[in-house]
Every structure is written in structure tokens, then in C-alpha cells.
Amino acid sequence: MTKTVVNSWNDFDPLRHVIVGRADFTCIPPTEPATEAKIPEDSDMRGMWGPRPLDTVEKANQQLDALASLLEDRGIRVDRPTPIQWNQAVITPDFTNRSMFGCMPPRDVLLTVGKEILSAPMSFRCRFWEYLAYHPLMQRYFDEDPAFRWEQAPRPRLTNASYQVGYFDEITIEERLNRTAALDFVTTEEEPLFDAADVLRIGRDLFCQHGLTTNRRGMEWLQRHYPDHRVHAVNFPGDPYPIHIDATFVPLRPGLIMNNPNRRLPEEQRKIFFANDWEIIDAAQPAHDAPPPLCYSSVWLSMNVLILDHKTVIAEASEVHQLEQLDQLGFEVLPVPFRDAYPFGGGLHCATGDIFREGRCEDYFPVQVPGTRIRPVS
Ligand code: ABU
């Protein structure tokens, strides 16, 4: 077995080593101030919580294992987390939550920036201990790569002060859209909060989605933690549940980004991309008009693709429009069935976490313009 080298600066350089999640013991967590957000009013998940049915866990694991095999067949090293029994209460001095969530989506928790892997604070109480599933791998990487930086963001307290309690009391989708467009989210600015999947890494620039799971203080913390990077705040009006950037704004290769046409990046925030000759295209429409049963995520997991290199991409097998669009863009597209895994925490990008991609920290945005930077542009 090869020794670990941690290194990844973006989502598109050649992938050589990755974590693929596991569905074992995944729970539907009980309602808490932050997760009411993720359960649409007409969802079949409203009011339900507890371990997910075993047959659905098995089906999800089959698809996750098949993804891992495909990657290994292409010479990519795959590691897997060690699930813990997620059907246990989370008890801290500040809150109690009756169950945890799972470890199918490593992308939500682990932020790899160069030689560092940072466990995010996480803004859901049910996800407070999720990083523990990756602890055995982190210890191994620490032992094998003397330059690996194993980091943990400040553990949040997640008291009621971290949320606008009652934010999701019965309001219409229109009211919800108005609130998110006005940057009024369930999380407050009480303490730094972010999920790793809200951070889009493009070399020296980190684009952070301001939404239900990431606040401005979280971005400020990231800017201080990564002083050589430029941290940007972006938001996407049109998304009533803005959680994680990877079904909204997805770089495909240097110079090309796919944007969810229902969640367009505002004009002011596009300037930095255009000033540096990046093209932003609309993603293809999803093939499905509803997510699978008991799924938190939207139909836009269609665009939650895993890029293997500048010419090769894995996309969900039934997403015919997305497959066709990627094909027309010149990619070799590898279709992988993955809808049974969606309810466990997302799509192909969510279900993976970068450990090693070839390439260095490039400056893709040498022309910095106002509009997104959280620090003034000099
Ligand atoms: N984790 C990405 C999910 C985003 C969405 O539901 O559209």
C-alpha cells in the first residue's frame, strides 16, 4: 500500500487519492433549530427521526462501494471512514440532541486545502461528532505524511444564540426566498460557523457560500486561518435552502464553472470571474422532478459531479441531460448509479473527500475586483 501524501487545491486537477463515505448506521436526526430548514414542508421526512431502514442502507452502500471500485479500477486510492453508531444522543454542556447523522458525505466535514485537512465546525447539532468517523484515517495520514497538517476549526457551542429559533415557523417559499436573498439565515453571527461543503476551493481563492450553514464569522475565521488565500463571500438568491455550494456553483476545469440556473450568482459577484476570463454556464436541467424518498437534498444533485481530471468526470447515471451537457463540453463522462445514496447525504461530490490531487496552488484570479472579497481589495 502506498504511503499517504496530502495535497489538493481545487476540485478539478487529477485525482489520485480520495475518501468515499459509508452509509452504515445513518440516522434521520430529530428536528433542531438548524435542520428544520432542510425539511421542506411537503417532505416525507417531516416529523420522522431515527435509524434509516436497513434495506436502504444496504442499497446506498452498494452504490458507494461501486463508486469506490470504479475509482480504484482507474488507479485512484480510496479510503473509507469508520462509521460509529450514529443512533446515540449528542450531549454537551450547551445542548442535547437525540441522535447524530452519519458519514456518507465526507465533503461536508473535511476541507482539504493544500497539505491541510480541516474538520469544519458544522452548524447542525446532530453533526457535532461527525469528524470522529475520519479520525482513524487522519491519524494514519499524520503518521505517513510528515508535512500533513491535521487541523480542527473552533468547536462551536451551538446554543440557541447560534440560531434564529423559530426562523422556519410556517412561512411560504416566497417569504423564505426573500429572506435568503436578503442574507437573513437561520444561523446567527454568534460564533464562527461553516460546513466544509460551503467552501469552493479554486487555488488561492476560496469562495464561501453565505447560507444556512455558513456565516460571515466563519468566513472571517477562514481568512485568518488561511492568510495566503483570498476568501470571498458568495450567495445565490433563488435557493430557499442554501446549504452547501456543490449543487449550485461547480467548477468543471480551469476557466469554466457551471451555475444552477435557478440559483444564479448575482451580477456584482460575477465580476471577479469575468475579469479573469472565466466562463459561467447554466447547468443542464435535472432529469428528475423530485428527489428520492427520505432525501434532504434537491433534484440539483444532478450537477453534484466528481471530476477526476480536466477531461474526465463522474456523473449520476440517470441524469441524461447533465451527462449530455458534459459530453458536449468535451469530457469523457463516466455514468454511475447513485440515487440510492442521495438520501444519506448527497451526490457524488458530497460522498467524497479529496486527499490528493496533482497540481499546485495556482492563482486563477490575479485580477481581484470588489464584489465578493471579505477584506477590502487594495
Ligand atoms: N449538499 C448539496 C445539496 C444542495 C441541494 O440540496 O441542492
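Converting phi to 3J(HN,Hα) with the Karplus coefficients 6.51, -1.76 and 1.60 and the offset θ = phi - 60°, the stretch 65-70 yields 5, 5, 4, 4, 5, 4 Hz in sequence order, with x at every glycine or proline. Charge tally around residue 337: other residues with Cβ under 13 Å, Lys/Arg +1 each, Asp/Glu -1 each, net -2.
For a Förster distance of 45 Å, can you work out the FRET efficiency between the beta-carbons of residue 169 and residue 375, rounded to the nearest 0.05? Result of the calculation: an efficiency of 0.80.
Note on 375, 357: ascending count of other Cβ atoms within 10 Å places them as 375, 357, the fewest first.
3J(HN,Hα) along the stretch 13-19: 5, x, 8, 10, 7, 8, 9 Hz, from the Karplus curve 6.51 cos²θ - 1.76 cosθ + 1.60 with θ = phi - 60°, whole Hz, x for Gly and Pro. Note on residue 228 and residue 150: with the Förster distance fixed at 22 Å, the Cβ-Cβ geometry gives a FRET efficiency of about 0.70. Distance between the pseudo-spin-label points of residue 58 and residue 311 (7 Å out from Cα toward the beta carbon): 4.2 nm. Determine the shape class of the stretch 168-306: with a ≥ b ≥ c the square roots of the Cα gyration tensor eigenvalues, call it rounded for a/c under 1.5, and otherwise prolate if a/b is greater than b/c, oblate otherwise. It is oblate, given that a/c is not under 1.5 and a/b is not larger than b/c. Of 24, 143, 11, the residue with the greatest mean-square motion in the GNM of the chain, using alpha carbon springs below 10 Å, is 143. Multiplying the residue separation of residue 358 and residue 74 by 0.36 nm and removing their Cα-Cα distance gives an extension gain of 100.7 nm. The ranking of 103, 208, 27 by Cβ neighbour count inside 10 Å, starting from the fewest, reads 27, 208, 103.
Cβ crowding within 10 Å, taken as a proxy for footprinting-reagent exposure, orders 312, 82 from fewest neighbours to most as 82, 312.
If the chain linking residue 161 and residue 66 were pulled fully straight, counting 0.36 nm for each residue of separation and taking away their Cα-Cα distance, it would gain 30.0 nm.
A short reminder: the numbers here are calculations on the coordinates, not readings from a lab. Computed from a prediction, not measured in an experiment: that's the story for all the values here. In this analysis, Cβ positions are derived from the backbone assuming ideal geometry, glycine residues included, and neighbour counts consider all displayed protein chains.
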